[in-house]
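In what follows, a structure is listed as structure tokens, so that the remarks can point back to it.
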Amino acid sequence: SHVFDLNAANGNDWPTLAQRELHTEGHRNISIINAGVPGWRTFDMIGRVMSELHYYKPDYIILCQTYNDL
């Protein structure tokens, strides 16, 4: 799945790099969680957000989807 980079060395995956950059810019209270699941469709992701959102209480959610809905 494109939400994971299996070739990235430990600590060089996109969520870690993005969080590090945000912390460098002074946004220390931001925590990025990559909750992507390979093969899931938009419907699956929205269901997960609706059922598990209350555990994390996020300020923002980004859903990244490409071609599994076709």
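The values are calculated or read from the model by the stated rules, or taken from the named source; none is laboratory data. Note that the coordinates shown come from a computational prediction; the quantities given were computed from them, not determined experimentally. Glycine also receives a Cβ, built like all others from the backbone with ideal geometry; neighbour counts cover every protein chain displayed. Accessible surface is based on the protein model in full, side chains and every heavy atom, while ligands, DNA and RNA are left aside. Shrake-Rupley method; radii C 1.70, N 1.55, O 1.52, S 1.80 Å.
Candidates in region 1-13 are the residues that are under 18 Å from Q65 (Cα atoms) and at pLDDT below 85; of these, the one that is most open to solvent (accessible area, probe 1.4 Å) is L6. Within region 55-65, if we keep just the residues that are assigned to a loop (DSSP other than H, G, I, E, B) and within 14 Å of the chain's Cα centre (by Cα), the residue that is modelled with the lowest pLDDT turns out to be Q65. For first residues located in region 17-33 and under 18 Å from F4 (Cα atoms), partners that are part of a loop (DSSP other than H, G, I, E, B) and lie 6+ apart or on another chain with Cβ distances below 8 Å form the pairs A18/I32; Q19/I30; Q19/S31; Q19/I32. In the set (1) modelled with pLDDT under 85; (2) of a type outside the set (A, V, I, L, M); (3) surrounded by 10 or more Cβ atoms within 10 Å (Cβ to Cβ), the condition left unmet by G47 is number (1). Filtering region 22-42 to residues that are loosely packed, with under 11 Cβ neighbours inside 10 Å and not in a loop (DSSP other than H, G, I, E, B) leaves only T24.
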